[in-house]
1. Every residue in the stretch 215-234 that is under 59 Å from the mean Cα position of the chain (by Cα) and buried (at least 16 other Cβ atoms within 10 Å of the Cβ), please.
2. For the stretch 197-229, how many residues meet the condition of being within 24 Å of residue 167 (Cβ to Cβ) and out of contact with any helix residue (DSSP H, G or I) (no Cβ under 9 Å at 6 or more places or on another chain)?
3. Select, from 32, 12, the only residue that is modelled with pLDDT under 65, out of contact with any helix residue (DSSP H, G or I) (no Cβ under 9 Å at 6 or more places or on another chain) and either surrounded by 12 or more Cβ atoms within 10 Å (Cβ to Cβ) or not assigned by TED's automatic domain parsing to the domain that holds residue 132 (or both).
4. Would you check if there is a residue in the stretch 155-171 being touching a strand residue (DSSP E or B) at 6+ places or on another chain (Cβ under 9 Å), assigned to a loop (DSSP other than H, G, I, E, B), at pLDDT 85 or above and surrounded by fewer than 11 Cβ atoms within 10 Å (Cβ to Cβ)?
5. Among the residues of the stretch 240-264, write down those that are in a helix (DSSP H, G or I) and more than 20 Å from residue 179 (Cβ to Cβ).
6. Residues 117, 142: which one is closer than 30 Å to residue 97 by Cα and modelled with pLDDT of 80 or more?
7. Within the set of pairs 6+ apart or on separate chains, which have a first residue in the stretch 58-81 that is closer than 19 Å to residue 124 by Cβ, a second that is modelled with pLDDT of 80 or more and not in a helix (DSSP H, G or I), and C-beta atoms under 7 Å apart?
């Protein structure tokens, strides 16, 4: 078949060259024709589309017209052998039921005169429309990798050198050292002395005030006896328990240092 290019134009273009005559051995399979229909997310989406397209009132749906348009779409899908979900058929049955109920005479009792077969369908359509509009608004918000790109920056991690924790054995060794030093200064005069742990706690805090680090041994007087050393040691442990002082050590088996927590807060 020879076509007139002046009236019909070329049939197609192959590599830029116009094709004016269909090949005689051209074979078109039966399933080569594809029908593209509007895609919907479900039967409610289709109903809402039909209502808005034909300017129908949602609160007063003309069921006959809406059912006819819906069934036309369903039949079109079935005629073109398109996959039809079962929910579309279920909605078709519901529309036919509502249409049939509206054709029946209205009940005369006052209890049922306000019942409308379309009420539940209208409620579902309005709720679906609100969710669809909300989804569109969310989709309009800026999204990463769509409206903007995320910038990545590498931050070099800095390590903080923490002083090793003071173990029980370190305190024990320091205590034994103090007791041994007190044994050297021991004398045989027996006296009764009232010692207060709280008073020694206050003395230690006053001594630490304004100082960053103080060696453990500095808190104990070189001339103190065993009783005073014990009370001072108990006062130091009580301050540590109440988180008023911090015990640190620069290295294992090294000198133990004491500092006030209030000093750390101010600095």
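1. 216, 219, 220, 228, 229, 230, 231, 232, 233
2. Matching residues across the stretch 197-229 total 2.
3. After applying the criteria, what remains is 32.
4. no
5. 241, 261, 262, 263, 264
6. After applying the criteria, what remains is 117.
7. 61/118; 63/118
The values are calculated or read from the model by the stated rules, or taken from the named source; none is laboratory data. These numbers were taken from a predicted model, which means no experiment stands behind them. Ideal geometry is used to build each Cβ from the backbone, glycine not excepted, and the neighbour counts take in all protein chains shown.
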